[in-house]
Amino acid sequence: MIVAKSLDAALIALREHDDARVIQGGTDLMVEINFNHLKPTTMVSLRHIPELRTITRPDGNTISIGSGVPYSQLEIEPVASVLPALAQASRTVGSPQIRAAGSLGGNLGTCSPAGDTLPVMFALDADIHLQSSDSHRTVSIHQFMTGVKRNVKRHDEIITAVDFPIIDGWQGYSKVGVRNAMVISVASACLVADHKSGDVRLALGSVGPTIIRCRETEQWLKDNASLTHNSVISPDIAREFGARASRECSPIDDHRSTAQYRRHAISILAARLLQKAYS
Amino acid sequence: MSMNEFYTLNVNGQPMQVQDSWVGESLLYVLRERLGLPGSKGACEQGECGSCTVLLDGQAVCSCLVMAATAVDSTIVTVEGLDAHGAELTDVQDAFVQQGAVQCGFCTPGLIVAIHHLLEENPQPSELEVKEAISGNICRCTGYGRIFAAVEQAVAVRKASRTS
Ligand SMILES: Cc1cc2nc3c(=O)[nH]c(=O)nc-3n(C[C@H](O)[C@H](O)[C@H](O)COP(=O)(O)OP(=O)(O)OC[C@H]3O[C@@H](n4cnc5c(N)ncnc54)[C@H](O)[C@@H]3O)c2cc1C
Ligand code: FES
Ligand code: FES
């Protein structure tokens with residue numbers, strides 16, 4: 001076990017140990033270890049690295065959140081009023097115990113299509129910072145996630161922070177699961193209405209191998225509705241928006257739900273979010 | 001599996017040595033099997049039931065999901081270490097006994113820790129806040145009614161002691 005006290009120390013440890021894995025909150029990794037799916041030999045703990053726990057505003061249009069920030073911090077100020085969709089998504093994660101330990105970086109590291117913060121990143125076009133001992137790169141979330149639990153992060157890289165654009169508009173996150181607390185999503189959606197550019201962006205979780213951005217549905221809406229801050233969306237437009245979104249995703253049947261139910265859930269979630277955005 | 005980890009944890013105000021252990025061991029395992037503190041219970045080992053709840057740097061977390069060797073330089077408080085202010089039981093434990101909130105008792109230690117944490121942060125929680133605070137603690141016996149009654153009693157006892 002290497003308990004890193006600084007980002008540099010963690011990066012050097014990763015460079016020197018090919019078998020090393022990083023751990024932040026442990027809420028994904030420890031489940032795998034407890035059930036013998038993973039037998040780690042060398043671990044690098046990121047828990048005590050203050051640089052990964054910061055929330056900064058590098059410029060007026062961006063908020064940058066450290067990968068080690070736990071959900072319990074994402075639910076409250078100063079994040080909640082700037083990124084309400086991220087706060088809403090965070091409040092739906094697990095239980096208070098899980099939210100005190102689980103982190104934004106861990107959600108990205110695991111990269112499950114059911115990860116609750118990922119649709120927010122996809123709808124807001126977030127950028128992921130990846131650091132190794134000798135390089136730094138910034139990757140758009142659209143390039144970062146490549147499949148079910150797959151991403152472009154290399155072994156020697158640490159996710160250090162996520163940059164979210166601050167938008168003038170409305171944003172919201174909704175999730176369907178079998179109960180309120182402690183539930184992995186069956187289907188989820190994040191909608192962002194950018195009043196400045198007149199765009200609506202929609203990203204869906206748990207209904208494809210990656211998070212799905214509904215670009216065709218977004219374009220259809222732009223062509224068929226006025227999208228300024230005082231626009232009104234008719235129920236017919238909202239319904240059609242939902243129906244189109246449900247056709248743009250590619251859900252499967254699994255132990256949590258069926259593809260058919262997931263499509264139905266998406267059509268309702270997307271329509272409701274759109275109406276909320278313009279009410 | 002190499003058993004070559006040596007480290008010191010700060011548990012209930014005491015430094016405690018862990019020797020010859022495997023890096024993947026959970027804090028729950030280390031507390032129970034290596035440090036002689038069996039108060040925290042293990043049922044699911046996947047963060048779902050809350051029976052293993054401890055305070056890590058003042059936050060209530062599932063000890064089954066904390067890799068023990070990462071918890072160096074942190075303060076850990078288990079159910080055994082909650083401050084009873086010289087009495088045998090803490091006010092929350094006493095309320096559980098008086099309100100009959102314990103049946104098989106398996107969920108009890110985790111609930112006691114979670115409720116102590118809640119009342120430290122929020123001495124006058126609403127019903128919804130209590131439900132939210134213990135939403136990560138599953139009890140298969142009581143149906144929760146008596147647990148809520150116990151929280152109510154603990155809140156009232158603390159309020160009376162503050163105003164007297
Ligand atoms: C009971 C329970 C309920 C849950 N409910 C939800 C839920 O509702 N929604 C949801 O989205 N998730 C849920 N999860 C999953 C988990 O809590 C989240 O994915 C969480 O964000 C993981 O963060 P962590 O810090 O605990 O990750 P860890 O377990 O520490 O790490 C997870 C993975 O990411 C890698 N990693 C971590 N940090 C970094 C970094 N900075 N750089 C590079 N790689 C990194 C690790 O190597 C590992 O592969 C739940 C888990 C449990 C046990
Ligand atoms: S044993 Fe840790 S939550 Fe169930
Ligand atoms: S008293 Fe039996 S699980 Fe709660």
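The values are calculated or read from the model by the stated rules, or taken from the named source; none is laboratory data. Just so you know, these numbers come straight off a predicted model, no measurement behind them. Ideal geometry is used to build each Cβ from the backbone, glycine not excepted, and the neighbour counts take in all protein chains shown. Only protein heavy atoms, including side chains, enter the accessible area calculation; ligands, DNA and RNA are left aside. Shrake-Rupley method; radii C 1.70, N 1.55, O 1.52, S 1.80 Å.
For chain A, take N as its residue count and report Rg(C-alpha) divided by 2.2 N^0.38 Å.
Computed over Cα atoms of chain A, the ratio equals 1.01.
Between A:Arg21, A:Arg91, A:Arg201, find the one with the highest GNM mean-square fluctuation for chain A; connect C-alpha pairs within less than 10 Å.
A:Arg21
Under the definition of Cα pairs under 8 Å and six or more residues apart, what whole-number percent is the relative contact order of segment A:109-216?
Answer for segment A:109-216 is 31 percent.
Given axes a ≥ b ≥ c from the Cα gyration tensor, I'd like to know whether segment A:1-46 is rounded (a/c under 1.5), prolate (a/b larger than b/c) or oblate.
It is oblate, given that a/c is not under 1.5 and a/b is not larger than b/c.
Take the alpha carbon gyration tensor of segment A:169-277, find the square roots of its eigenvalues, order them as a ≥ b ≥ c, and report rounded if a/c is under 1.5; if not, report prolate when a/b exceeds b/c, else oblate.
prolate
Find which of A:Thr228, A:Ser72, A:Ser140 sits farthest along the positive direction of the dipole of chain A, computed with +1 on the beta-carbon of Lys and Arg, -1 on that of Asp and Glu, about the Cα centre.
A:Ser72
So for B:Met1, A:Met182, what's the accessible-area order with a 1.4 Å probe, most first?
Ranking B:Met1, A:Met182 by accessible area, largest first, yields B:Met1, A:Met182.
Would you please give the FRET efficiency between A:Glu77 and A:Thr146, computed as 1/(1 + (r/R0)^6) with r the Cβ-Cβ distance and R0 = 41 Å, to the nearest 0.05?
With R0 = 41 Å, the Cβ-Cβ based efficiency is 0.75.
With an 8 Å Cα cut-off and a minimum separation of 6 or more residues, compute the relative contact order for segment A:29-170 in percent.
Result for segment A:29-170 is 24 percent.
GNM, chain A, Cα, under 10 Å: largest mean-square fluctuation among A:Tyr173, A:Tyr261, A:Tyr71?
A:Tyr261
Quick one: Cα centre-to-centre distance for segment A:178-224 and segment A:12-36, in angstrom?
So the separation of the two Cα centres works out to 31 Å.
Using θ = phi - 60° and the Karplus form 6.51 cos²θ - 1.76 cosθ + 1.60, what ³J(HN,Hα) does each residue of segment B:147-164 get, whole Hz, x for Gly and Pro?
5, 4, 4, 5, 5, 4, 5, 4, 4, 5, 4, 5, 5, 4, 6, 6, 8, 7
May I ask you to evaluate 6.51 cos²θ - 1.76 cosθ + 1.60, the Karplus curve with θ = phi - 60°, for each residue of segment B:59-71 and list the ³J(HN,Hα) values in order in whole Hz, giving x for glycine and proline?
9, 7, 9, 7, 5, 5, 9, 9, 6, 4, 5, 7, 8
Using alpha-carbon pairs under 8 Å, 6+ residues apart, how would you state the relative contact order of segment B:4-80 in percent?
37 percent
Quote the accessible area belonging to A:Glu157 in square angstrom, nearest 10, computed with a 1.4 Å probe and with ligands, DNA and RNA left uncounted.
0 Å²
HN-Hα J couplings of segment B:115-121 from phi, Karplus 6.51/-1.76/1.60, θ = phi - 60°, integer Hz, Gly and Pro as x?
6, 4, 4, 4, 6, 5, 7
What does the accessible area per residue of segment A:1-46 come to in Å², with a 1.4 Å probe and no ligands, DNA or RNA counted?
With all protein chains present, segment A:1-46 gives 47 Å² per residue.
What number results when the radius of gyration of segment B:4-80, computed over Cα atoms, is divided by 2.2 N^0.38 Å?
Against the empirical 2.2 N^0.38 Å value, I get 0.96 for segment B:4-80.
If you take the square roots of the eigenvalues of the alpha-carbon gyration tensor of segment B:1-156 and sort them as a ≥ b ≥ c, do you get rounded (a/c under 1.5), prolate (a/b over b/c) or oblate?
Because a/c hits 1.5 or more and a/b exceeds b/c, segment B:1-156 counts as prolate.
Which one of A:Gly26, A:Gly205, A:Gly115 has the biggest mean-square fluctuation once chain A is modelled by GNM with Cα springs under 10 Å?
Judging by the Gaussian network model, the answer is A:Gly26.
Hey, any idea what % of the protein assembly as shown's accessible area is carbon plus sulfur with a 1.4 Å probe?
Accessible surface attributable to carbon and sulfur in the protein assembly as shown totals 49 percent.
Can you give the FRET efficiency to the nearest 0.05 for A:Arg215 and B:Asn122, using r as the Cβ-Cβ distance and R₀ = 25 Å?
0.05
Calculated FRET efficiency, A:Lys222 and A:Arg179, Cβ-Cβ r, R0 35 Å, to nearest 0.05?
Computed FRET efficiency for A:Lys222 and A:Arg179 comes out at 0.45.
Quick one: ranking A:Trp170, A:Trp220 by accessible area, 1.4 Å probe, largest first, what do you get?
So, going from the largest accessible area down, we get A:Trp170, A:Trp220.
Given a cut-off of 22 Å, name the pairs among A:Lys39/A:Lys149; A:Lys39/A:Lys175; A:Lys153/A:Lys196; A:Lys175/A:Lys222 whose C-alpha atoms lie farther apart than that in the structure shown.
A:Lys39/A:Lys175; A:Lys153/A:Lys196; A:Lys175/A:Lys222
Not counting ligands, DNA or RNA, and with a 1.4 Å probe, what is A:Asp127's accessible surface area in Å² rounded to the nearest 10?
Number for this one is 60 Å².
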